[in-house]
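Asks: Quick one: structure below, then a few questions.
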Amino acid sequence: QVQLEESGGGLVQAGGSARLSCGASRNIFSTNTMGWYRQAPGEQREFIALITSGGTTNYADSVKGRFTISRDNAKKTVDLQMNSLKAEDTAVYYCKVIDRGVTYWGKGTLVTVSP
């Protein structure tokens, strides 16, 4: 069993930055691909970014060049640095990991970008 917990959400002005962090109850990030997703009101959850155990990253086109995913194995966290935020980035942000065939989600953290 793994518990994931996101933090760092809040209210940000358009053009500003925010940094989200996802912590885990045990160190699973060093051996698994970790992803960030988001769900805007009335929308489906969508993929934002991922980082593999080898450090390879991938991003959705909508955030490429603005968001950066990184991993700190010592702290057991995966962070999402979000720059140049737009109103359309407003959503609940979730982290996800698949460990030994089981998918784990955090409860999410709300990011609200004011115009």
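Asks: Where the accessible area of region 28-67 is counted over protein heavy atoms with a 1.4 Å probe, how much of it, in %, is carbon and sulfur?
Replies: 44 percent
Asks: Name the GluC sites (Glu not before Pro) in region 19-115 that are in a loop by DSSP and that have at most 12 other C-beta atoms within 10 Å, would you?
Replies: Those satisfying the criteria are E43.
Asks: Tell me, in nm to one decimal, what length is gained between T56 and S84 on full extension, where the rule is 0.36 nm per residue of separation less the Cα-Cα distance?
Replies: Gain on stretching T56 to S84: 7.8 nm.
Asks: Can I ask one more? If W105, W36 are ordered by their accessible area, calculated over protein heavy atoms with a 1.4 Å probe, which sequence runs from highest to lowest?
Replies: W105, W36
Asks: Relative to the present Cα-Cα distance, how much length would full extension add between R66 and R26 at 0.36 nm per residue of separation?
Replies: Going from the current span to full extension adds 11.5 nm.
Asks: Also: Which whole-number percent gives the relative contact order of the chain, counting Cα pairs below 8 Å spaced six or more residues apart?
Replies: In percent, rounded to a whole number, it is 37.
Asks: Rounded, prolate or oblate, given the Cα gyration tensor of the chain, with a/c below 1.5 counting as rounded?
Replies: prolate
The values are calculated or read from the model by the stated rules, or taken from the named source; none is laboratory data. From a predicted model like this one, the values you see are computed outputs, not experimental measurements. Positions of Cβ are generated from backbone atoms using ideal geometry, with glycine treated the same way; all protein chains shown enter the neighbour counts. With ligands, DNA and RNA removed, areas are computed over all heavy atoms of the protein, side chains included. Shrake-Rupley method; radii C 1.70, N 1.55, O 1.52, S 1.80 Å.
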